[in-house]
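No value in this document is a laboratory result; all are computed from the given coordinates. Predicted model only: the values in this text are computed from it and were never measured. Ideal geometry is used to build each Cβ from the backbone, glycine not excepted, and the neighbour counts take in all protein chains shown.
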Amino acid sequence: MLLNTPVCDFGWKAPDFTLADPDGTSFTMSDHLGDKGLMIAFICNHCPYVQAIGDRLAQDARTLMEDGIHFVAVMSNDYRQVPQDNPENMKLFAKHFDFPFLYLVDHDQSVGTAYGAVCTPDFFGLNSDGALQYRGRLDSAAMGDPQDRVPELLNAARQIAETGKGPTTQTPSMGCSIKWRR
């Protein structure tokens, strides 16, 4: 089911969390806010929208990380319901796209629930205080010609890093619904 993300709730305080990647490397959100903020991407392996942006996501995340902006991805789908999204397949997916960031498993779906994530991809751009400043899409050509793209997430993250505030106009992300445990 195709869904759009809600409008950004500017200033919403992101709840802290600790999750691990499929190999057990832990990540605590509050330890990685940094002075330039943090971008959190809710993604999964099987979603055609995520697959379509995988290369651009890796490229933009690498650029942001080189700029000192932290980046992490979270997989909140119930992988018992969708085996393609299980931790072993997450490792293959991250390797295929050469993700430069940790790809974390939300086993109990508590982080996806706490954030109100609705689809994959769903991006949350936080400033250094952990306040939400971006809830939009990767780019304006998410399924179109990459040559014509406007890097909305990249531009927003840089603005947040510089000013602590996100752009007032944001285009909602769209993608497959998160597969919640029944």
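Residues checked against (1) more than 20 Å from T18 (Cα to Cα); (2) touching a residue at least 12 places away in the same chain (Cβ under 8 Å); (3) of a type in the set (S, T, N, Q):
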position: D78; (1), (2), (3): no, yes, no
position: F101; (1), (2), (3): no, yes, no
position: L132; (1), (2), (3): no, yes, no
position: L154; (1), (2), (3): yes, yes, no
position: T163; (1), (2), (3): yes, no, yes
position: M174; (1), (2), (3): yes, yes, no
| request: Scan the stretch 76-93 residue by residue and report those that are in a helix (DSSP H, G or I), surrounded by fewer than 23 Cβ atoms within 10 Å (Cβ to Cβ) and touching a His at 6+ places or on another chain (Cβ under 8 Å). | output: Q84
| Which residue pairs have Cβ atoms under 6 Å apart, sit 6 or more places apart or on different chains, and have a first residue in the stretch 33-49 that is at positive phi and a second that is assigned to a helix (DSSP H, G or I) and among the hydrophobic types (A, V, I, L, M, F, W, C)? | G37/I160; G37/A161
| Can you find even one residue in the stretch 100-116 that is touching a strand residue (DSSP E or B) at 6+ places or on another chain (Cβ under 7 Å), of a type in the set (S, T, Y) and closer than 30 Å to R182 by Cβ? | yes
| request: Please find, within the stretch 1-19, the residue that is farthest from G136 (Cα to Cα) out of those that are surrounded by 14 or more Cβ atoms within 10 Å (Cβ to Cβ) and under 15 Å from the mean Cα position of the chain (by Cα). | output: L19
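Among the residues of the stretch 89-132, count how many are more than 20 Å from V7 (Cβ to Cβ) and touching a Pro at 6+ places or on another chain (Cβ under 7 Å).
Residues in the stretch 89-132 being more than 20 Å from V7 (Cβ to Cβ) and touching a Pro at 6+ places or on another chain (Cβ under 7 Å): 3 in total.
Just to be sure I understand, how many residues within the stretch 94-111 are closer than 22 Å to D9 by Cα and either crowded, with 22+ Cβ neighbours inside 10 Å or in contact with a helix residue (DSSP H, G or I) (Cβ under 9 Å, 6 or more places away or on another chain) (or both)?
Number satisfying all stated conditions: 1.
So, in the stretch 10-30, exactly how many residues are touching a Leu at 6+ places or on another chain (Cβ under 6 Å) and part of a loop (DSSP other than H, G, I, E, B)?
The number of residues fulfilling the criteria is 3.
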| Condition test on A73, is it part of a loop (DSSP other than H, G, I, E, B) and among the small types (G, A, S)? | no
| request: Could you please let me know if K95 is basic (K, R) and under 21 Å from A161 (Cα atoms)? | output: no
